[in-house]
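The values are calculated or read from the model by the stated rules, or taken from the named source; none is laboratory data. Remember, predicted model here, so these are calculated numbers, not experimental data. FYI the Cβ positions are ideal-geometry reconstructions off the backbone, even for glycines, and counts take in every protein chain you see.
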Amino acid sequence: EAGVAQSPRYKIIEKRQSVAFWCNPISGHATLYWYQQILGQGPKLLIQFQNNGVVDDSQLPKDRFSAERLKGVDSTLKIQPAKLEDSAVYLCASSQGLAVTDTQYFGPGTRLTVL
Amino acid sequence: AQSVTQLDSQVPVFEEAPVELRCNYSSSVSVYLFWYVQYPNQGLQLLLKYLSGSTLVKGINGFEAEFNKSQTSFHLRKPSVHISDTAEYFCAVSESVQGAQKLVFGQGTRLTINP
C-alpha cells in the first residue's frame, strides 16, 4: 500500500514570497490533516479535512495560510506572504475516518526555510 | 484543552541498555494516548496506543508503555535498545473537537543510542 506522498521535500524562499505544498493521502482515506512542526517542537495541527469539508481549522493563521481539498482526495497548503517564523516542516497525514481508533499515517514532510 | 509534557528533551543510552521515555498528560475523564517515532528525514510512525482495557500496551519494535491514571503518566519503555532506535519520540493525547478526534503532541524526546 502506497503511503502519504508530499512534494516538494524541501523549499527555500524569501520572506513575503508565496509557497504551496501538495499532499496525496493514502487511497480511500477520508480524513486529511496538515501539521506544522517547528524545530525542537512537536507537530501542531493546522487544519483537518473530512472528504472535502473542513472539520477544524482553529489553529490555521488564516491571514496568510490557506488550504483546500477540492475533490476530497489530494490537498494543497499555501502560505502567502511567508514570514521568517513560518520556517518549519509541514507534515501531511491521513486516516480512514475521524474516530480515535483510526490511525493517522504521516508523509515525509516538506521542510520550508524562509530567509 | 488537553496537553502533554515530555519530561526529557534528550536521552542518551548505551546499546543493549534499557530505556524509559517519560510522558505526563493533563487529566481528563476519557483519555486516549499515543507514542509516535520519527526517524531522521521521515514522517511520524505510530509505535503504540492506549484506548481502553489493559494498562500495559505493547507496540512495534519491542516497545511498550504503561498507562497510569493516578499519576497521569504514559511512559514508554524498551528493555534493550539498538542503534536503529535512534530517533525522536513523541507522546500525544487525543481530544475531541466537534465530534472529531484531534492529536495534541508533546515536545518530543530525542533518543540517542551510543555503541
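Assorted remarks:
Per-residue answers, yes or no, for (1) in contact with a Lys or Arg (Cβ under 7 Å, 6 or more places away or on another chain); (2) modelled with pLDDT of 95 or more; (3) more than 12 Å from every other protein chain (Cβ to nearest Cβ):
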position	(1), (2), (3)
A:ARG16	no, yes, yes
A:GLN36	yes, yes, no
A:LEU39	no, no, no
A:GLY42	no, no, no
A:LEU46	no, yes, no
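- Some residue of region A:11-27 being within 29 Å of B:LYS49 (Cα to Cα), over 13 Å from the mean Cα position of the chain (by Cα) and touching a residue at least 60 places away in the same chain (Cβ under 8 Å): yes
- Within region B:46-115, strands (runs of 3 or more DSSP E) holding 2 or more residues that are more than 25 Å from A:SER58 (Cβ to Cβ) and within 14 Å of another protein chain (Cβ to nearest Cβ): B:87-97, B:109-114
- Lone unmet requirement of (1) within 12 Å of another protein chain (Cβ to nearest Cβ); (2) touching a Leu at 6+ places or on another chain (Cβ under 7 Å) for A:ARG9: (2)
- Hey, A:SER87 facing another protein chain (nearest Cβ under 10 Å), touching a residue at least 12 places away in the same chain (Cβ under 8 Å) and small (Gly, Ala, Ser) or not: no
- Filter pass, B:LYS102 being touching a strand residue (DSSP E or B) at 6+ places or on another chain (Cβ under 7 Å), without any contact (Cβ under 8 Å) to a residue 24 or more places away in the chain and of a type in the set (D, E, K, R): yes
- If the condition is being buried (at least 18 other Cβ atoms within 10 Å of the Cβ) and in a loop (DSSP other than H, G, I, E, B), then region A:31-76 contributes A:GLY42, A:PRO43, A:LEU60, A:ARG69.
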